[in-house]
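One structure is given below, encoded as structure tokens.
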Amino acid sequence: MKTLHNNYCNSKQGYLPLFLSDCLDLLDPVLTFDRLMGGIDLNKYLNDIPEYTTGRFRYNPVNMLKTVLFGFMT
């Protein structure tokens, strides 16, 4: 009887660290932008978003806004 061993990775495959912030410098624009946006209370501007009723859970609107604004910034 032949045993099969499945390899789900190869030697040329890269890997990500457990926390991506470990790869970023303290003065990286992503961290600076996140600290800047963290000081602003965005929930008071995003209070008219309806709750989901069916389907998947929706994205966090604050995180989505930060992602879109950072994308337009660069």
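Bear in mind that the values in this text are calculations on the coordinates, not laboratory data. Fair warning: this is a prediction, and the values are worked out from it, not measured in the lab. Positions of Cβ are backbone-derived with ideal geometry, glycine not excepted, and every protein chain shown enters the neighbour counts.
Just a few scattered comments:
- Rounded tilt (10° steps) of 61-73 against the dominant C-alpha axis of the chain: 90
- Leu46 sits among other residues whose Cβ lies under 13 Å from its own Cβ, and their net charge, with Lys and Arg +1 and Asp and Glu -1, is 0.
- Cα-based helix-to-principal-axis angle, 29-38 vs the chain, degrees rounded to 10: 50
- The calculated 222 nm mean residue ellipticity attributable to helices in the chain amounts to -9500 deg cm²/dmol, summing -39500 (n - 2.57) over DSSP H runs of n ≥ 4 and dividing by all residues.
- Extension gain from Leu18 to Thr54, taking 0.36 nm per residue of separation minus the Cα-Cα distance: 9.7 nm
- Charge dipole (the chain, unit charges on Cβ, about Cα centre) - positive-most of Tyr59, Phe72, Leu46: Tyr59
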